[in-house]
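Right, one structure below, let's go through it.
The values are calculated or read from the model by the stated rules, or taken from the named source; none is laboratory data. These numbers were taken from a predicted model, which means no experiment stands behind them. Positions of Cβ are generated from backbone atoms using ideal geometry, with glycine treated the same way; all protein chains shown enter the neighbour counts. The accessibility values were calculated without ligands, DNA or RNA, using every heavy atom of the protein model including side chains. Shrake-Rupley method; radii C 1.70, N 1.55, O 1.52, S 1.80 Å.
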Amino acid sequence: MGAAARKPAAALLPIWLCLVCVSRAQPYIGVNYGEVADNLPSPDKTARLLKSTSISKVRLYGVDAGLIRALAGSGISVVVGVANGEIPTLAADPAAASRWLAANVLPFVPATTISAVAVGNEVLESGDAALAAALLPAMQNLRAAAAAAGDGAAGIRFSTVNTMGVMAQSEPPSAGAFHPDVAPQLQQILGFLSKTGAPFMVNPYPWFAYQSDPRPETLAFCLFQPNAGRVDGGSKVRYANMFDAQLDAVKSALVRAGYGGVDIVVAETGWPTRGDAGEPGATVENARAYVSNLVAHLRSGAGTPLMPGRSVDTYLFALYDEDLKPGPTSERSFGLYHTDLTMAYDAGLTSNSNAGGGTGTAAPAQPKAGGWCVARDGASDAELQADLDYACSQVGVDCGAIQPGGACFEPNTVHAHAAYAMNQLYQAAGRQPWNCDFRASATLTSENPSYGACVYTGGGQ
């Protein structure tokens, strides 16, 4: 949440199917650019880094003229932000809204695509009733100013960013409902969003759900890793990851409020690489697992149970660590990249392009895919049975060959059956190294594990 401290989301309930990961820009993958730091790269270097990735959108918490100009002609769209402190003036004076737009948007379009203006950040959860009451008038005045400005700004959407704290209930997802404390203002804002075609922007953080319930099974559920899933008692849908469950809770709340047609945009989500002693799970490996699996999930186009067949626009938090942010260590440790332009971890977002310009380089090209994914020697039967059950439950995975009478049924061991199922999921998911994770119970091999009539798919580069 950039300028404000992140708030824990209620613990909820992986349909995890990722297709081949590509380095070209993806229309649904964005990133937050926070600036609470004293060591950020220059705008030109940041722009080169972004252009070397599959990131297609950037969200700013204010207006950074240097970066906006550096992204001109790049095809990367920008969301600019109105500071909370500016909202009362913009709400009270339409002329002030026109001046704000003239200073912070019109100089940059159409050379740079500004897709949206986020008016305030987490205003409805701020506890400031006067500020919350001013939010909608500020949005209305800014939109009117944009319409009056003509072609360069007419298509810009105006919304506001919310945390999961606007939810009174989020578990199970089918029972999702907005909190009555924010309902009066939110109902009017939803009407504005519906009328203008703007999205409802929200920050789902499985990281916080894990903090409130730090069990191994919750971690796997949050990281899109093999798990038993959670069944929604109302809809009877089995959720396989926390991200989908949180989004569907928001979708249910929108439907319940009468605005089910309003699109959802994930304004922030991420996982820290470091944390304090009281912040379990804040590791580089968990951050890599969450973000890379989330990116793969978005690329699959599977969507969520309530929003199937499409990927929700998602802004990852964040591009860089922010060394001046207050609060626990985790708040300063969400960066995908270090400020020397090297990766904090490989989330599968980069292409083979140098972005450094002398002070660092972009990540190297992704490791080559191919080969086979098999069960690791030493993995326990309990681990492998869970992985076997999980892999065979996924869309696109055919485990018929390890059923009785199948070509790969013998040897009838958990290890052999799990190896076959793991490879089936690995091949279907895109054949990237992170597709053969399974909580470290699997490994890649270049030796064909096929035998007799049992054929393991794969092997090519």
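Hey, which of the helices (runs of 4 or more DSSP H) in the range 44-152, taking only ones fully inside, have at least 2 residues that are open to solvent by 10 Å² or more (accessible area, probe 1.4 Å) and under 17 Å from GLN188 (Cα atoms)?
In the range 44-152, the matching helices (runs of 4 or more DSSP H) lie at 129-149.
Within the range 367-390, restricting attention to residues that are small (Gly, Ala, Ser) and within 13 Å of SER441 (Cα to Cα), which residue is surrounded by the most Cβ atoms within 10 Å (Cβ to Cβ)?
Out of the qualifying residues, it is ALA375.
Can you find even one residue in the range 301-312 that is in contact with a helix residue (DSSP H, G or I) (Cβ under 7 Å, 6 or more places away or on another chain), of a type in the set (Gly, Ala, Ser) and surrounded by fewer than 21 Cβ atoms within 10 Å (Cβ to Cβ)?
Yes: one or more hits.
Those residues that are open to solvent by less than 10 Å² (accessible area, probe 1.4 Å) and either touching a strand residue (DSSP E or B) at 6+ places or on another chain (Cβ under 7 Å) or closer than 15 Å to GLU279 by Cβ (or both), I need them from the range 326-341; list them, please.
Once the filter is applied, which keeps residues that are open to solvent by less than 10 Å² (accessible area, probe 1.4 Å) and either touching a strand residue (DSSP E or B) at 6+ places or on another chain (Cβ under 7 Å) or closer than 15 Å to GLU279 by Cβ (or both), the range 326-341 yields SER330, SER333, PHE334, GLY335, LEU336, TYR337.
I'm checking my understanding of the structure. Among residues of the range 255-291 that are open to solvent by 30 Å² or more (accessible area, probe 1.4 Å) and among the β-branched types (Val, Ile, Thr), which one is farthest from ASP321 (Cα to Cα)?
VAL255
Among the candidates ALA146, ALA134, ALA154, single out the residue that is touching a Leu at 6+ places or on another chain (Cβ under 9 Å) and under 27 Å from SER56 (Cα atoms). Even if it seems obvious, please write down each step before you answer.
Details: ALA134 fails: under 27 Å from SER56 (Cα atoms); ALA154 fails: touching a Leu at 6+ places or on another chain (Cβ under 9 Å).
None of the other options fit; the residue is ALA146.
Given the residues LEU294, LEU298, LEU306, LEU316, which is the only one that is closer than 22 Å to LEU40 by Cα and of a type outside the set (Phe, Trp, Tyr)?
Selected residue: LEU316, the only one of LEU294, LEU298, LEU306, LEU316 that is closer than 22 Å to LEU40 by Cα and of a type outside the set (Phe, Trp, Tyr).
Are any residues in the range 160-184 in a helix (DSSP H, G or I) and either out of contact with any helix residue (DSSP H, G or I) (no Cβ under 9 Å at 6 or more places or on another chain) or more than 24 Å from SER115 (Cα to Cα) (or both), and if so, which ones?
Across the range 160-184, the qualifying residues are GLY165, VAL166, PRO173, SER174, ALA175, ALA183, PRO184.
Give the residues of the range 422-459 that are among the small types (Gly, Ala, Ser) and under 22 Å from TYR345 (Cβ atoms), sorted by residue number.
ALA429, GLY430, ALA440, SER441, ALA442
If you take the residues in the range 153-164 that are of a type outside the set (A, V, I, L, M) and open to solvent by 40 Å² or more (accessible area, probe 1.4 Å), which one is farthest from SER235 (Cα to Cα)?
If we take residues in the range 153-164 being of a type outside the set (A, V, I, L, M) and open to solvent by 40 Å² or more (accessible area, probe 1.4 Å), then GLY155 is farthest from SER235 (Cα to Cα).
Yes/no per residue for (1) modelled with pLDDT of 95 or more; (2) open to solvent by 20 Å² or more (accessible area, probe 1.4 Å); (3) in a strand (DSSP E or B):
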position: PRO214; (1), (2), (3): yes, yes, no
position: ASN227; (1), (2), (3): no, yes, no
position: GLY233; (1), (2), (3): yes, yes, no
position: LYS236; (1), (2), (3): no, yes, no
position: VAL250; (1), (2), (3): yes, no, no
position: ALA253; (1), (2), (3): yes, no, no
